[in-house]
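See structure below.
The values are calculated or read from the model by the stated rules, or taken from the named source; none is laboratory data. Everything numeric here is computed off the predicted structure, so don't read it as measured data. A quick note on method: Cβ atoms are made from the backbone with ideal geometry, for glycine too, and the neighbour counts reach across all protein chains shown.
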Amino acid sequence: MKKNTVQRIGIMGGTFDPIHYGHLMIAENAREQFNLEKVLFLPTGHSPHKQEQYVTDSLHRCRMVSLAIADNPVFSLNKMEVESQETSYTYVTMQKLKEAYTNAELFFILGADSLFDFELWRKPEEILKSCRILAACRKHRQEEGFFRQIAYLNEKYQDRFFPLDTPNLEVSSQDIRRRLQYGRTIRYLVPETVESYIRKHHLYEGEEAEVETNGNREETEKGTG
């Protein structure tokens, strides 16, 4: 790559507890629609929103991400948040990534639910200094309201938000955890390698599934912590 070439890098954040095909489909659609050369999967570290909720150890979550993205050379795992002892705020993470990728344009990928919560995140203006926002839209889910929110945020924050078309795949980490808790199948919801890892390490068996709010960041902690 030429020295002055600007990379286009997607940032796919989430608890990934566990990672599933919904995450992968959103990331792949972002790569294709916005010509991203790389997508970083960024497991959440110490979330201020989930301090009172159980989250699977980061070692397992990172290994599951690695297994899920192993066959896609454009996808890579970034452990910045899980390796930090500090509380994870998106504005801090994005500032660090901007410093690490000095010659890159960053695109933060989030779910439709988080689009409506974005202004509640900690220092949203600082986030937008480091990246643009790609918001995944599922056409059957209040599409009109989604695009109104995009228009509102773009008027307020100078066109930093872009809609991301994604297939209508109804899958969530919460549902997967619940299925495992009750001994139900998760086949075709996660990659086979991820399912094998979960079963080998007996993850989620007998655990109570926590509430998940969207398929990307999986929480709104960035504004409330």
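The set of residues from the stretch 158-198 being in contact with a strand residue (DSSP E or B) (Cβ under 8 Å, 6 or more places away or on another chain) and β-branched (V, I, T) comprises T166, I176, I198. I'm checking my understanding of the structure. Among residues of the stretch 116-138 that are among the aliphatic types (A, V, I, L, M) and under 14 Å from D159 (Cα atoms), which one is surrounded by the fewest Cβ atoms within 10 Å (Cβ to Cβ)? The extreme case among them is L128.
Restricting to the stretch 139-189, name every residue that is among the aliphatic types (A, V, I, L, M) and loosely packed, with under 14 Cβ neighbours inside 10 Å. Spell out the reasoning first.
First, the residues of the stretch 139-189 that are among the aliphatic types (A, V, I, L, M): 150-151, 153, 164, 169, 171, 176, 180, 186, 189.
The answer is A151, and nothing else.
Among the residues of the stretch 1-55, which ones are modelled with pLDDT under 85 and either in a strand (DSSP E or B) or within 11 Å of the chain's Cα centre (by Cα) (or both)?
H46
The residues in the stretch 193-205 that are touching a Ser or Thr at 6+ places or on another chain (Cβ under 8 Å) and either without any contact (Cβ under 8 Å) to a residue 60 or more places away in the chain or not aliphatic (A, V, I, L, M) (or both) can be counted, and the count is 1.
Is it the case, given these coordinates, that G145 is closer than 30 Å to Y204 by Cβ, free of Cβ contacts under 8 Å to residues at least 60 places away in the same chain and of a type outside the set (K, R)? Considered against the rule, which asks whether it is closer than 30 Å to Y204 by Cβ, free of Cβ contacts under 8 Å to residues at least 60 places away in the same chain and of a type outside the set (K, R), G145 comes out as no. Selection of the stretch 68-100 for residues being touching a residue at least 24 places away in the same chain (Cβ under 8 Å), assigned to a helix (DSSP H, G or I) and not hydrophobic (A, V, I, L, M, F, W, C) yields T90, Y91, T93, Q95, K98. Scanning the stretch 121-130 for residues being in a helix (DSSP H, G or I) and more than 16 Å from the chain's Cα centre (by Cα) gives a total of 6. Checking each residue in the stretch 179-192 for being closer than 18 Å to T56 by Cβ and either without any contact (Cβ under 8 Å) to a residue 24 or more places away in the chain or assigned to a loop (DSSP other than H, G, I, E, B) (or both) picks out R179, Y182, I186, L189, P191. Are any residues in the stretch 131-178 closer than 22 Å to P43 by Cα, polar (S, T, N, Q) and not in a loop (DSSP other than H, G, I, E, B), and if so, which ones? Within the stretch 131-178, S173, Q174 meet the criteria. Within the stretch 86-115, restricting attention to residues that are among the β-branched types (V, I, T) and either in contact with a Gly (Cβ under 9 Å, 6 or more places away or on another chain) or surrounded by fewer than 16 Cβ atoms within 10 Å (Cβ to Cβ) (or both), the residue that is farthest from P43 (Cα to Cα) is T102.
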